[in-house]
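For reference, the structure is listed below as C-alpha cells.
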Amino acid sequence: MRAMEVRLIDGEINEVISRRDAEALARERGLDLVVMSFDSSPLVVRLVDFGKFKFENDKKAREAKKKQHVVEVKEIKMSVRIDDHDYETKKAHAIKFLEAGNKVKCTIRLKGRETQHANLAFDLGRKFVVDLQDFGSPEGDIRMEGRTITINIGPAKKK
C-alpha cells in the first residue's frame, strides 16, 4: 500500500488519517489493517482480525454452496424397437429425474436399416415429449445428428 492517507473505518471511527498512524493503531490493538476499497481516494481500510475475517467469509461461502442445487443432465437411451414395458420404465426414470430438478437427454440410436425409417424414431421422440409434458418441457427441437436423435427436456418451473 503506497497511499499516504487512508480513511480508517473502525466501529464508530470514520476519519482520514496518515497511513503510519493507521498501521501503529493496528499494531497497538493486535489487529490487521485490511484495505476494503481500492477504488476510492483515499483508500478505505478497516482494523480486523484477518484470520477471523477470512474464516467468516469462508463460512458464508460454504453455507451458500450448501443451499444451491447443481442441475445435472441425466441420459435416457432408447431404440426404435423398444418394448412397451421398457418404454414405461424409461419414462418413469425420466419423470423421477425431472422431479428431482435435473435435465433429461433422451437419445434414440438408429442401427442398420433403421436409419431409413427415421420417422419412427421422431414419432417415438414426440411421444416421449408428450408423455413428459406435465413434468418438463423440451429445450429446443428434436434433432438428428448422424444416426442419433436427441431430445433435451428441462424440468418444469415450480409454482
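The values are calculated or read from the model by the stated rules, or taken from the named source; none is laboratory data. What you are looking at is a predicted structure, and each value in this text was computed from that prediction instead of being measured. A quick note on method: Cβ atoms are made from the backbone with ideal geometry, for glycine too, and the neighbour counts reach across all protein chains shown. For accessibility, only protein heavy atoms count, side chains too; no ligands or nucleic acids. Shrake-Rupley method; radii C 1.70, N 1.55, O 1.52, S 1.80 Å.
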* To do: Can you work out the accessible area per residue across the chain, with the rest of the protein chains kept in place, probe 1.4 Å, in square angstrom?
  => 70 Å²
* Ile82 label point, 7 Å along Cα→Cβ, cut-off 17 Å on backbone N: hits in the range 124-140? -> 124-139
* Asked: Going through the range 1-72, which trypsin sites (Lys or Arg not before Pro) have at most 10 other Cβ atoms within 10 Å and a DSSP loop state?
  -> Arg2
* Solution diffusion estimate, µm²/s, Stokes-Einstein, the range 86-129, Kirkwood Rh from C-alpha pairs, 4 °C, viscosity 1.567 mPa s -> 111 µm²/s
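Given the DSSP H assignment, sum -39500 (n - 2.57) over each helix run of at least 4 residues in the chain and divide by its residue total; what's the result at 222 nm in deg cm²/dmol, nearest 500? Kindly include the intermediate steps, with their values, before the conclusion.
Details: 4 runs with 59 residues, N = 159.
-12000 deg cm²/dmol, from helical runs alone.
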* Once the Cβ-Cβ distance between Ile13 and Ala61 is put in as r, and R0 is 25 Å, what FRET efficiency do you end up with, to the nearest 0.05? -> 0.30
* Asked: Hey, which of these cross-link pairs are over 30 Å Cα-Cα: Lys52/Lys74; Lys60/Lys157; Lys74/Lys127; Lys67/Lys157; Lys59/Lys105?
  -> Lys52/Lys74; Lys59/Lys105
* Potential extension, His69-Thr107 segment - 0.36 nm per residue separation minus Cα distance -> 11.2 nm
* To do: Taking the Cβ of Ala61 as the centre, find all other residues whose Cβ is under 13 Å away and add up their charges (Lys, Arg: +1; Asp, Glu: -1).
  => +4
* Asked: Taking H as built 1.01 Å from N, whose amide H comes closer than 5 Å to the amide H of Ala156, not counting residues under 5 places away?
  -> Gly136, Ser137
* Asked: By per-residue mean of other Cβ atoms within 10 Å, what is the highest-first order of 121-131, 33-43?
  -> 121-131, 33-43
* With volume of the Cα convex hull per residue in Å³ in mind, check (i) 149; (ii) 105; (iii) 199 and report the label derived from this structure. => (iii)
* Structure fact -> Computed over the Cα atoms of the range 62-146, the Rg and Dmax in Å are 15.0, 54
* If you plug each phi of the range 17-30 into the Karplus form 6.51 cos²θ - 1.76 cosθ + 1.60 with θ = phi - 60°, what whole-Hz ³J(HN,Hα) values come out, in order, with x for Gly and Pro? -> 9, 6, 4, 4, 5, 5, 5, 5, 4, 5, 5, 4, 8, x
* In nm, to one decimal, how far is the modelled label at Glu5 from the one at Val35, with both set 7 Å along Cα→Cβ? -> 1.8 nm
* **Unit charges on C-beta of K, R, D, E only; dipole of the chain, Debye** => 580 debye
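Roughly how many percent of the accessible protein surface of the chain is carbon and sulfur, given a 1.4 Å probe and a whole-percent answer?
Numbers: 5510 of 11190 Å².
Ligands and nucleic acids excluded, carbon and sulfur give 49 percent.
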* Structure fact -> Within the chain, the percent of DSSP beta bridges that are antiparallel, given to the nearest 5, stands at 70 percent
